[in-house]
Amino acid sequence: MYDSFNTLKNDCLLCRRCGLCEGRTTVVFGTGNENSNILFIGEGPGEQEDLRAEPFVGRSGKLLDLYLNGIGLDRKKNIYIANIVKCRPPQNRDPLPQEQEECLFWLREQVRLMRPKIIVCLGRISAAKLISPQFKVTVDHGVFYDKKGILMMGTFHPAALLRDPRKKEDALEDFLKLKEQLEKIKAAQN
Ligand code: URA
């Protein structure tokens, strides 16, 4: 158990808990404001993320930023972004269950220290791991589940939106629901 994000990050950067460490350039620990209420969780770093040590910096990251900015969120200011696995899987394959499980150690600590009020899972892998193994993005997207006091919602992975732009409207609705939830939280705090 860690008592600061910095010590957690320092140890995480040295991680060799699974085989993904062999092929990585960098560990993509996460980015943003760790004191914010809201945590976005993707699947794992791709090529650009592995090179730049930051999540969602490729094409799908640019699209994610559009959705975020559209509801007043900014990765540098008022959210935090991380992934289920912090090292790039070879050829961008899905992270294996054992890799996800090992890496969850770090994400659990991030969540424990951050104590976010809302977690948004970007895509199937993240939602299946954190919300329910049965999670189906096309059916269950945009629904908020209360898990031990944290509201959890799954939506489309931005890469899926790039592949199939017909899903963009549904994704926009999910982000508008998220905005509503954030406003409720703000109102309750005042
Ligand atoms: N896809 C993800 O799930 N995470 C990233 O950081 C980049 C692409």
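We did not get these values from a lab; they are worked out from the coordinates using the rules stated. Every value quoted in this text rests on a predicted model; they were computed, and no experiment measured them. Positions of Cβ are backbone-derived with ideal geometry, glycine not excepted, and every protein chain shown enters the neighbour counts.
Some points to look at:
- Only one residue of Y67, C103, A82 has its Cα farthest out toward the positive end of the dipole of the chain, where Lys and Arg carry +1 and Asp and Glu -1 on Cβ, and that residue is Y67.
- A protection proxy built from the mean count of other Cβ atoms within 10 Å ranks the segments 133-141, 43-51, most packed first, as 43-51, 133-141.
- Label-to-label distance, nm, for residues given as L96 and D146 (7 Å Cα→Cβ offset): 4.0 nm
- Considering only the chain, percent of DSSP beta bridges that pair antiparallel, nearest 5: 30 percent
- For the chain, size of Cβ-based charge dipole, Lys and Arg +1, Asp and Glu -1, in debye: 180 debye
- N35-N78 pseudo-label distance in nm [points 7 Å out on the Cα-to-Cβ vector]: 1.5 nm
- Against the rule of thumb 2.2 N^0.38 Å, how large the Cα Rg of the stretch 85-126 comes out: 1.27
- Estimated distance in nm for a label pair at T138 and T25, the labels positioned 7 Å out from Cα along Cα-to-Cβ: 3.5 nm
- Ignoring lysines fewer than eight residues from K76 along the same chain, the ones with Cα atoms less than 22 angstrom from its Cα are K9, K62, K86, K117, K177, K179, K186.
- Residue-span extension gain [L104 to L66] - 0.36 nm each, minus C-alpha spacing: 10.9 nm
- Tensor-based shape of the stretch 84-190 (alpha-carbon gyration tensor, a/c under 1.5 rounded, otherwise prolate or oblate): oblate
- Alpha-carbon Rg with Dmax, taken over the chain, Å: 15.5, 48
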